[in-house]
1. Step by step: find N for the chain, compute 2.2 N^0.38 Å, then divide the Cα radius of gyration by it. What's the final number?
2. Students sometimes get this wrong: rank V445, V130 by accessible area, probe 1.4 Å, all chains present, largest first.
3. When only C-alpha pairs under 8 Å and at least 6 residues apart count, what is the relative contact order of region 123-280, in percent?
4. How much length would be gained if the chain were fully extended between D274 and D160, taking 0.36 nm per residue of separation minus their Cα-Cα distance, in nm to one decimal?
5. Kirkwood Rh over alpha-carbon pairs of region 361-466, then Stokes-Einstein at 20 °C and 1.002 mPa s: what D in µm² s⁻¹, rounded to an integer?
6. Between D391 and H20, what is the FRET efficiency for a Förster distance of 41 Å, r being their Cβ-Cβ separation, to the nearest 0.05?
7. Step through the table entries K138/K197; K371/K475; K197/K496, compare each Cα-Cα distance with 32 Å, and write down the pairs that go over it.
8. Quick check: Cα centre of region 128-170 to Cα centre of region 38-89, how many Å?
Amino acid sequence: MVISGSLFERIAARQSRDPHRVILERADAHPLTWSDMEEATARLSRLMSVTLGLKPGDRVAVRVEKSTASLLLYLACLRAGLVYVPMNTAYGRDEVDYLIGNAAPELVVCDPAARNEVRDLAIKHSTPHVRTLNADGKGSLWDATEGTPANFPTVACASDAPAAMLYTSGTTGRPKGAVLSHGNLIANAEDLISVWKFTADDVLLHALPLFHAHGLFVACHCALLSGARLIWHPRFDASLVLGDLPRATVFMGVPTFYTRLLADARLDRALTGDMRVFISGSAPLLAETWNSFATRTGHRIVERYGMTETGMNTSNPVDGARKPGSVGLPLPSTELRIVGEDGGVLPTDQIGDVQVRGANVFSGYWRMPDKTAEDFTEDGWFKTGDVGFIDPDGYVHLVGRAKDLIISGGYNVYPKEVEAVIDRLDGVVESAVIGVPHPDFGEAVTAVVVRAPGATTPDAEGVIGAVRDAIANYKVPKSVHFVTELPRNTMGKVQKNLLRDTYG
Ligand code: MCA
Ligand code: AMP
């Protein structure tokens, strides 16, 4: 596939065929048409490029609640050739501090409530501009666009120009910025539109957060590049989603969305009768959930598999067999292989490391050439850190992760980050953080702590409180266990599998 031009140009080319058609509906405000979006993004792009003087390739770090204004800001960055750097709104001060220091943005946009804290961090890291945007789309960013002319020539860019940088944590060390190019995003969106058969007749119910690849890229790009309409929910609320399903044709979510929908007695065939497809990803969807959903609604959820660094890699087909427990077939532009410990490609049905290559795969981590080199093979395959096999029909099955990662409600938690907070507490010798099965979040963050001999503090509440004060709330352990020592193998490595057996 030959990819050229900016993602915004592609979206504009699709949408400008019918500029007055509604492309986004929301409960509390007027629907948005493409001409509304065109005008708003022109103003925002002009503000950032002309008034603030940002240049193509400059980063714009954004920590704001999901709103239509936050979507417009993302589109305006694409339009102006700026690199959008979203932050999870749950991030604490230390996480924001690290990210601003590492991304070196020219502009930070935050909620007005966080303005003073973010301004101090911006001063610390010499970030020239801080603007605010609240959940209603108000704030100093928006105010400044008033009176700005609503025209802006979209910045032309090569397909390998950076479009967004999303931070992803690591087994060791601090979070890394995965740089996605316009070409990566376009290639992946076009594959998904074709595999999921999106058309302008679709209506996508969007209840995902906007700061991760799932909600920002997968959902928004499929709709914006196919001409489908978005029904916009600020966050996932099972009851509100059930209320809007009869008006939608496509729904996307993490497995927790599906278990929460199943927990509501109103979910049935009648309510979902006009739906074309339900899609799940970001975390393993249990075959049990897939089967219960099929029994209750008649819909076979389409499970797909992706990563921040690669976008989506595989999906079960819309036409053809959808296998529960499998993440489906490689997408048209993605090659996927399973390799053994010696790096050799393994035959069908054998379990090994999953590697991918293709137009969807990012080219590297921001300012981390060594880490980038480590994660790619010499012939350009990206080492996903996932473990799986390919069955005789070509379907990919994930069976585990080589990386020490917990996925809780679709959010990734790297144990090291939580352990570092616990280990610095007075009275703590060391800790091990593991994921254990959880009915709502899939996996729950669980801490196993060794206290100093004779120490009675911190207790479980003390550990939980300390983590809550330091990092994002979804990383806080749901339970804490105290032991006199951690199980170790002969190499001295903590045997987390034994801890998972004991506390899972
Ligand atoms: C909220 N809480 C959580 C989580 N979310 N705890 C563990 N794991 C979570 N995911 C806790 C909060 O800390 C809080 O605890 C309490 O639950 C209530 O918080 P609230 O925000 O009201 O929760 P919620 O609205 O019920 O959120 C649950 C959620 C949300 C809707 C499942 O986590 C969510 O939207 N997840 C989607 C994540 C996602 O988009 N992932 C895609 C990543 P306390 O009261 O104690 O403070 S992209 C990706 O992975 C790749 C590319 C891919 O393949 O898609
Ligand atoms: P992230 O890099 O934060 O976007 O998380 C990507 C990781 O989520 C992948 O490497 C997988 O471990 C996991 N993941 C995504 N989709 C699925 C899925 N359908 N089944 C199992 N794991 C998944």
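1. Details: Rg = 22.7 Å, N = 504, 2.2 N^0.38 = 23.4 Å.
Dividing the Cα radius of gyration by 2.2 N^0.38 Å gives 0.97.
2. Details: V445 0, V130 25 Å².
Descending order: V130, V445.
3. On the way: 196 pairs, mean separation 24.5, N = 158.
Relative contact order for region 123-280 comes out at 16 percent.
4. Values: separation 114, 0.36 × 114 = 41.04 nm, distance 3.92 nm.
Taking 0.36 nm per residue and subtracting the Cα distance, the gain is 37.1 nm.
5. Details: Rh = 16.8 Å.
Stokes-Einstein gives a translational diffusion coefficient of 128 µm²/s.
6. Working: r = 48 Å, r/R0 = 1.17.
Given R0 = 41 Å and the Cβ-Cβ separation, E is 0.30.
7. On the way: K138/K197 36 Å; K371/K475 24 Å; K197/K496 42 Å.
Violating the 32 Å limit, Cα to Cα: K138/K197; K197/K496.
8. Rounded to whole Å, the Cα centres lie 1 Å apart.
The values are calculated or read from the model by the stated rules, or taken from the named source; none is laboratory data. What you see is a predicted model, and the numbers here were worked out from it, not measured in a lab. Note: ideal-geometry Cβ built from the backbone for every residue, glycine included; neighbour counts use all protein chains shown. Accessible surface is based on the protein model in full, side chains and every heavy atom, while ligands, DNA and RNA are left aside. Shrake-Rupley method; radii C 1.70, N 1.55, O 1.52, S 1.80 Å.
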